[in-house]
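Since the structure comes first, as structure tokens, the remarks are kept for the end.
The values are calculated or read from the model by the stated rules, or taken from the named source; none is laboratory data. Every value quoted in this text rests on a predicted model; they were computed, and no experiment measured them. Every residue, glycine among them, receives a Cβ derived from its backbone with ideal geometry; neighbour counts consider all protein chains shown.
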Amino acid sequence: MEQGNDGNGQTPIRVLVVDDQRLVRDGIVSLLHVQKELEVVGTAADGQEAVEQAFALKPDVVLMDVRMPIMNGVDATAEILRQQPTCCILMLTTFDDDAYVRDALRSGARGYLLKDMPASDLTTAILAASKGVYQLDASVIERFIAPDARPQKIEPVQKIETVEGPSETVAEAKLTRREQEILHLIATGATNREVAEHLIISEGTVKNYLARLFNRLGLRDRTQAVIYAREHGLL
């Protein structure tokens, strides 16, 4: 399909829709078709077809179902990103399962959303994903970050609790107390500015810490930091 613009001189975000249910797939296409900011360039009914279509069409964003025949969405995500690392893949599924969430995010997905989300939010989610924003459905966040680990207000630095008995992986990584504090704060939802104000350091210093931490621990983004912190006793 030939690219146009959205009427404001902006090239529309190219979207590939992947879902094994034709009715759902067609419904999503119809919904996105009326959005000037988006252009649906193709569809796929299974993971293998998604890989082939992504290679042929070079979409900016792939809306990917999780459970599909031939190849599931998680494996398809990993393969697409192996071939096209800059492609943004957003999981859109009915399956609200922790294992699927972890596997999808570890494969490189930019987010995990459920199909019961308001239709009006889908365009916003796609545009955000195209800009590098990672997104999780609210119900997923509720499970991955326990309510008592998500403070409404960050307490003063002296009240930070140290991590007792760090797991072997954390110990092997030799994280300093400051690194553990930063990882804990990021995982509980604090922004870089909030972390900086909390620890009385600059935002630049926070960014430097995060870059080193993500590189050392093999994390791609904050979403994976939440998973890591939860699995290794930092929440």
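Regarding segment 43-53, can at least one residue be identified that is hydrophobic (A, V, I, L, M, F, W, C), more than 21 Å from the chain's Cα centre (by Cα), outside any helix (DSSP H, G or I) and modelled with pLDDT of 95 or more?
Looking through segment 43-53, at least one residue is hydrophobic (A, V, I, L, M, F, W, C), more than 21 Å from the chain's Cα centre (by Cα), outside any helix (DSSP H, G or I) and modelled with pLDDT of 95 or more.
State the number of residues belonging to segment 101-114 that are in contact with a Ser or Thr (Cβ under 7 Å, 6 or more places away or on another chain) and either aromatic (Phe, Trp, Tyr) or not in a helix (DSSP H, G or I) (or both).
Start the filter on segment 101-114 by keeping residues that are in contact with a Ser or Thr (Cβ under 7 Å, 6 or more places away or on another chain), which leaves 104-105, 107-109, 114.
Now drop any that are not either aromatic (Phe, Trp, Tyr) or not in a helix (DSSP H, G or I) (or both), which leaves 107-109, 114.
Number satisfying all stated conditions: 4.
Restricting attention to segment 54-87, and to residues there that are acidic (Asp, Glu) and part of a helix (DSSP H, G or I), which single residue is farthest from Tyr100 (Cα to Cα)?
It comes out as Glu79.
Conditions tested, residue by residue: (1) closer than 22 Å to Val133 by Cβ; (2) surrounded by fewer than 17 Cβ atoms within 10 Å (Cβ to Cβ).
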{"position": "Arg22", "(1), (2)": "no, yes"}
{"position": "Leu81", "(1), (2)": "yes, no"}
{"position": "Gln84", "(1), (2)": "yes, yes"}
{"position": "Ala104", "(1), (2)": "yes, no"}
